[in-house]
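I have placed the structure first, in the form of structure tokens, so that the comments after it can refer back to it.
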Amino acid sequence: QPGNPAQPGVAPQPGSPAQPGVAGPQGYPAYPPQGYGQPYGTPRPQGYAGQPAQPPYGSSFGAAASGQSGAPYGASQTQPTLPLGGQQAAAGTDTKKKSGAGKVVGLLVAAAIVGGAAGLGGSAAGFALFAPTASAPQSGPATVTVNDTGSVNQTTAIAAKVVPSVVTISASSGSSGGTGSGVVLTEDGYVVTNTHVVTLDGATGNAAIRVTTSDGQVYDATVVGTDPTYDLAVIKLEDASGLTPIRFGDSSKLNVGDQTVAVGAPLGLSNTVTTGIVSALNRSIEIASSAAPDSSAQDGEQDDEGGQENGQEGPFFFDFGQGQSPQQTADTIKIAVIQTDAAINPGNSGGALVDSEGKLIGINVAIATAGGSGGESGSIGVGFSIPSTIVKRISDEIIADGAATHGLLGATVQAAASVEGSTITGAYIKEITAGGAAAAAGLQPGDTVTAFNGTPVTDATDLTAQVRAVAAGSKATVTFVRDGRTQTVDVTLGSLPTE
């Protein structure tokens, strides 16, 4: 009857909310502290303390964590089927938005099916493992499962907040296909991911795109624009509404050692959550270009900062997330990244890397492998994410204009350490392009660039990545050494050609 005391383990009577950061009733901890969403001990609606809650069970866990509607609270809800292959349904199936239905399968069972259908390690390049195709769609968890509400930790709260903003992307072209991840930017369906996800590692420019949200809704999607220079792309879900956009954090304020949480669909296993820390900042890597075959976005003129001048024949770091060999090309791109030890694997491409508040700090893009390109690849604790500040600029430009711009210094550079007689690290300027930004700023051949906008530069890859990270026409401060003396100069960057 109304007024009876709540039983142990349930929420308090309405009107006695738990204080933020302190224990709730019956030892139910209010989590997490510092005002993270609503206090965990907040009374549930629908008479949670004195009368049976109506479906869904109590309030949504997503609402408790973020103040927005989320997945149904409780682990007993029926979970939708999440197709893991490049094709979402058999021929003749209606391609309009629909929800799947099915039961949660155990991780070991799902892993066994993935291994059996894909042949783990069986792709031609030894990385980017396939998930099952349309003939064997698999089930996957649609929400964050919470079995013991009395011991919820911070990662659980972060996951509940972020999972609704991360989607699984299936791309297919003919008999080829694969899966990756994406992050929701707007409630009406703009999603950011990697170019190599929507181009099948650069194999095609017209892949069919299907997107599954965390709650099992399936949408067709079209490519709004790709940016092969930084391996980012934006797609738009058709007829979407009410999605949960990610909240952006400021990647420029990160410290080494900060907590990270990666959310995505490794090996096609949707809604997977892994944790780690920021292992390094201001890291620059070189990876294979994922530009589609009909794109000429990477020509010789654009390679003026870096090229192969750093002595590497090709990238040690590999794209991941698709199920076939990447496009055979000698083109590479240089990008600035966050390094993390959170486990990210093939299929995490385009997924979210978030901080301790569940805010986006990066888009997962690549991993380092211990062997060559012919061996298997998987997490060895060295993963890379494109910083959120770069993601925000590029995705905003793609949504507004269909493409993004990138800075151009107008100089041919190489690693200073490779120059005979050099005693410092940096980007050594070999040549200056007449009429370019470097020439206008007074930079000269023989100068060694040691910092760009305050970020240390140790070789040509560092400088190229930093220059490309900013928009065309941006003003930048370049620190360089000439005749043993450190100097600075302000540069107005040119525009990297896109055609």
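Summary of computed values
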| read-out | value |
| --- | --- |
| For V146, distant residues with modelled amide H under 5 Å away | G74, A75 |
| Unit charges at the beta carbon, dipole of the stretch 215-281: most positive-side option, A262, T229, G242 | A262 |
| Whole-Hz ³J(HN,Hα) from phi, Karplus 6.51 cos²θ - 1.76 cosθ + 1.60, for the stretch 247-255, glycine and proline x | 9, 7, x, 9, 5, 6, 9, 6, 10 |
| Dipole moment magnitude, nearest 20 debye, the stretch 407-495 about Cα centre, only Lys, Arg, Asp, Glu C-beta charged | 180 |
| A366 long-range amide H proximity, modeled H, under 5 Å | F384 |
| Cut-off under 5 Å, modelled amide H: who pairs with A343 long-range | T275 |
| In Hz, Karplus ³J(HN,Hα) per residue of the stretch 218-224 (6.51, -1.76, 1.60; θ = phi - 60°; x = Gly, Pro) | 10, 10, 6, 9, 10, 7, 7 |
| Residues V365, V166, sorted so that the one with the fewest Cβ neighbours within 10 Å comes first | V166, V365 |
| Pairs beyond 19 Å (Cα-Cα), from K236/K392; K253/K359; K253/K334; K161/K253; K359/K392 | K253/K334; K161/K253 |
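Coordinate-derived values only; no laboratory data. Because the structure is a prediction, the values reported are computed rather than measured. With ideal geometry, Cβ positions are generated from the backbone for all residues, glycine too; neighbour counts draw on all protein chains shown.
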